[in-house]
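Below is one structure, written out as structure tokens; the observations come after it.
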Amino acid sequence: HRASIVVVLPGIMGSTLKAGDNSVWMNYLALAAGGLADLDMSVPNVEPSGLVADSYQRLVRYLSQSHEVIPFAYDWRKTITDAADRLRAVLEQALVKADANDQPVRIIAHSMGGLVVRAMLADADGQKVWQRMCANPGARFVMLGTPNGGSHAITSMLIGRDALVKKLALLDFRHGYGDLLNYITRFVGVLELLPHSGTLDAYQPESWQALRIEDLAGQRGIGKSEVATSKSAGFAWLLPDAAQLTEARRIRDL
């Protein structure tokens, strides 16, 4: 009996990234030395290298008892459609092997990974791969906590309220929280996870300007006191780029 194949997609920040030969994410020593700068969108030689072990090792190990596991790392800084194109190629290869053994191909996708699969399904070539997958009744696509309506946690992160980025800022002795956000706010993959509905349209530059005016008000702890509170970041965070927001909306609509 040959094992079924399962492709495992991590969530945002769940793939390790290398800049050239150097491991940067999640290499704590590299990040402490200011390594997030090596992941700036202008840097040409960044590649995904694996899944973040702390988050996914146990899941992969468990699935390996019953499946052949294909971990699908992707560059979560870039547009979801880039990863979707690469995923289609991986699934095509998996299907050749699975069909030869009359076995299904399955997908388990955590968080942003589910959107990568859905972006693939929005493409005509991706649909063909999906139909080949579904020809086997054992095929499955399982989403774990995928933000199909976007995530307010992303908005929260970009205005300086996120626990993970605060920890990164404590770790990084070259960059403060605001400096780190100057990189993260320019990651297009992050912007594509913005929420789709709410009292403010997160894909409109005016919404971010209004948010910052609110956040800079004296009683909220910014200004002369520069005190960070649960209602304030303690610094003037970077506004998302208007052209990037427009492109993120296009992917959202897709």
Top positive-direction residue, dipole computed over the chain with Cβ charges, set Ala83, Leu191, Leu95: Leu95
Whole-percent carbon and sulfur share, accessible surface of the stretch 102-156, 1.4 Å: 54
Accessible surface, 1.4 Å probe, highest first, among residues Asp102, Asp215: Asp102, Asp215
Point-charge dipole on Cβ atoms (K/R +1, D/E -1) for the chain, about Cα centre, debye to 20: 580
Cα convex hull of the chain - mean projected area over all directions, nm²: 14.7
Per-pair calculated FRET efficiency, R0 = 25 Å: Lys166 and Glu214 via Cβ, rounded to 0.05: 0.75
Separation of alpha-carbon centers, the stretch 24-96 and the stretch 138-194, rounded to whole Å: 16
Hydrodynamic radius (Kirkwood) for the stretch 62-119, which is based on Cα pairs only, to one decimal in Å: 12.4
Equivalent-ellipsoid semi-axes of the stretch 152-199, from the Cα gyration tensor, Å, largest first: 21, 11, 7
Cα-based reach from Lys128 at 20 Å (exclusive), listing aspartates and glutamates while leaving out same-chain residues under 8 positions away: Asp82, Asp85, Glu92, Asp99, Asp102
Stretchable slack from Ser55 to Val90, in nm (0.36 nm times residue separation minus alpha-carbon distance): 10.4 nm
Contour excess over end-to-end distance, with Cα ends at Ala236 and Asp82 and 0.36 nm allotted per residue: 52.3 nm
P(r), alpha carbons of the stretch 103-159 - 10 Å bins starting at zero, rounded %: 22, 43, 23, 9, 2
Debye log10 I(q)/I(0) for the stretch 74-220, one point scatterer per Cα, at q = 0.13 Å⁻¹: -0.71
Cα principal axis extents for the stretch 1-101, largest first, Å: 49, 27, 21
Cα-based convex hull volume of the stretch 1-51 per residue, rounded to whole Å³: 106
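The values are calculated or read from the model by the stated rules, or taken from the named source; none is laboratory data. As the structure is a computational prediction, the values presented were derived from the model and not from experiment. No Cβ is skipped: glycine too gets one built from the backbone with ideal geometry, and neighbour counts run over all protein chains shown. In case anyone asks, the SASA skips ligands and DNA or RNA and just uses the protein heavy atoms, side chains included. Shrake-Rupley method; radii C 1.70, N 1.55, O 1.52, S 1.80 Å.
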